[in-house]
Structures are given as C-alpha cells and as structure tokens.
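Working notes, beginning with the structure itself.
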Amino acid sequence: MTKLLSVVVSVYNEELALREFYAETGKILKTLPADWDYEFLFVNDGSRDQSLSILREFAASDEKVKIVNFSRNFGHEAAMIAGLDYAGGDGIVCMDADLQHPPECLPEIVEKFDEGYEVISMVRTKNKTAGFVKNFTSAAFYKLINDLSDVKFEANASDFFAVSKNAAEVLRNNYREKVRFLRGYVQSIGFEKTTIEYEARPRFAGESKYSIKSLFKFSINTILCFSDLPL
Ligand code: UDP
Ligand code: MG
C-alpha cells in the first residue's frame, strides 16, 4: 500500500527562497522508496511579498502542492499547527522554507517511519549562521526551561521534526492552546521516538523573520507554558 508523506512548510515573505526550496525538495522527494508518495502543504502566513502568487504558480502545475492561506501574519507556530491540521499524510514533516532544514534528510526520515518510529526530532549539530547572540540565548533558554519544567527538552531540538499520523492526531486534539511551543509538545506526547542529527544550512536567501525581541517574548511564553514555578 502506498504511504503519503506530507511536507508542511511555513512561509512568511519567502519570495526569494521558495523556488529553490520547491525545486530542491521536490527532486529529493522523487527519490523516496516506491511505496511513499508525497504532498507539499505550504502555509502562507500572511506574506506581503510575492510568496502567495509563487505558491499558486506551483499549485497550478503540480497537483501535489496544496496551500493554506492565512488572512494575516499569525506566526510560525500557528502556521505549523494549521499545516498539521490539513496534512493528510501517514507521515508529516514540518520544515522551514529557507532551506535551513536540509531536504536531504527526508529519505532518512521516511526510513525511520518505516522502522516504526512515530516521533522524529531533528537535532541541530551546528548552526553556523545563527551568530553568537542567538546561539548563546538559545543555550541559556534550554538550560532555564529544563531547570524550571518537568518536561525535559532536547537542547537544539528544532522546529524541524516529523510525526506519524497517530502522533499528529494527538497534537491536533489535545494541544490547542493559543500560545504554543510545538517542538516541546512533540517531545512530550509519548510514542516511539528517535532523533536524527543534521547540520543547519545558512538561510538560502532573504532575512530571518525573527528579531531578538520576538524571540525573547516567545521564550517567556514558552517557559510559562511548561512551568508553574514563575506563578
Ligand atoms: N515564518 C512564518 N511566520 C512568521 C515568521 C517566520 O511562517 O511569522 C516562517 C519562515 O518563512 C521560515 C520559518 O518560519 O520558513 C522560520 O523562520 P526564519 O527562517 O525567519 O527563522 P530563523 O531560522 O531565523 O530562526
Ligand atoms: Mg531560518
């Protein structure tokens, strides 16, 4: 029986990266084992550039491309949740549109699904392009949240991850909070888990959509989600 891999991609002002992402990722998806088919589920998170028309162009000539379009910018977490909601796959991968999450990991992810794993966390070995401030604050964030919370987070777990249909169903039904930290939930929902290491690539084009200020706000929200200690 053919299985379906849904590739969920959150897109916010990525007109400079989308074509390369689609070409490169599509090429790799075509090399998956014969019993795996795939779909792209692009979530346009209120882009104000040409992203949406580029996505529509893909969809017009490729029936494997689906689009969820937000009325405004709701943020990366909301985009991934919407992607999970609409993804029909037996396996679902969330990835960024800027090629920082290397598509060459996809065959390995599918292999893990075939071995029976249901939650696959992609662990970043290096993030050369993040810069000292981002790497340092990221390390400090994980130290703090692991000290404060009962859930133990994999430091460097990224928002590059894959879940089975079953695991996605749990995320859909039981994690509907307005403020969310999906990569944290993914690590705490149970199921057979494994990790794959990857080296983050530099962003293909364009700029990071996250400022230090928005990351700080995101970190505070997350700590409050997973710990009642501050209360
Ligand atoms: N993104 C999004 N909504 C936002 C901000 C970012 O959907 O409000 C997407 C963005 O297009 C990219 C991914 O989320 O595909 C990660 O964002 P980015 O690369 O800017 O973050 P960084 O890698 O610098 O942490
Ligand atoms: Mg990025």
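The fraction of Cα-Cα pairs per 10 angstrom bin, counted from 0 for the range 188-228, comes to 18, 26, 43, 12 percent, rounded to whole percents.
Our summary gives the range 96-231 a relative contact order of 43 percent, counting only alpha carbon pairs under 8 angstrom and 6 or more residues apart. Pairwise alpha-carbon distances in the range 1-95 exceed 20 Å for 31% of all pairs. For N69 paired with R48, estimate the spin-label separation in nm (one decimal), with each label point 7 Å from Cα along the Cα-to-Cβ line. Here the modelled spin labels are 1.8 nm apart. Based on the convex hull around the alpha carbon atoms, the range 62-154 presents an average projected area of 8.7 nm². Cα convex hull, the range 134-176: 100 Å³ per residue, rounded to a whole number.
Rounded to the nearest 0.05, what FRET efficiency is calculated for E20 and E108 with R0 set to 22 Å and r the Cβ-Cβ distance?
Details: r = 21 Å, r/R0 = 0.96.
The pair E20/E108 has a calculated efficiency of 0.55.
Kindly work out what percent of the DSSP beta bridges joining two residues of the chain are antiparallel, to the nearest 5. Around 25 percent of the beta bridges assigned by DSSP in the chain are antiparallel ones. Amide hydrogen proximity for V123: with H placed 1.01 Å from N in the peptide plane, the residues at 5 or more positions away or on another chain lying under 5 Å are I196, E197, Y198.
Eigenvalues of the alpha-carbon gyration tensor of the range 81-231, scaled by 5 and square-rooted, set the equivalent ellipsoid semi-axes at 23, 21, 14 angstrom, largest first.
Report, in listed order, any pair from K112/K143; K112/K134; K112/K217; K27/K112; K30/K193; K134/K193 with a Cα-Cα distance greater than 32 Å. Violating the 32 Å limit, Cα to Cα: K112/K217.
Full extension of the segment from L144 to N174, taken as 0.36 nm per residue of separation minus the current Cα-Cα distance, would add 8.3 nm. Label-to-label distance for I28 and F132 is 3.2 nm, based on points extended 7 Å past Cα in the beta-carbon direction. Taking every C-alpha pair closer than 8 Å and separated by at least 6 residues, the mean separation divided by the residue count of the chain gives a relative contact order of 24 percent. For the pair S211 and S188, label points projected 7 Å from Cα toward Cβ lie 2.9 nm apart.
Every number in this text was worked out from the coordinates using simple rules, so none of it is lab data. The structure presented is a predicted model; accordingly, all values stated were derived computationally and were not measured. Here the Cβ is made from the backbone with ideal geometry for all residues, glycine too, and neighbour counts use every protein chain on show.
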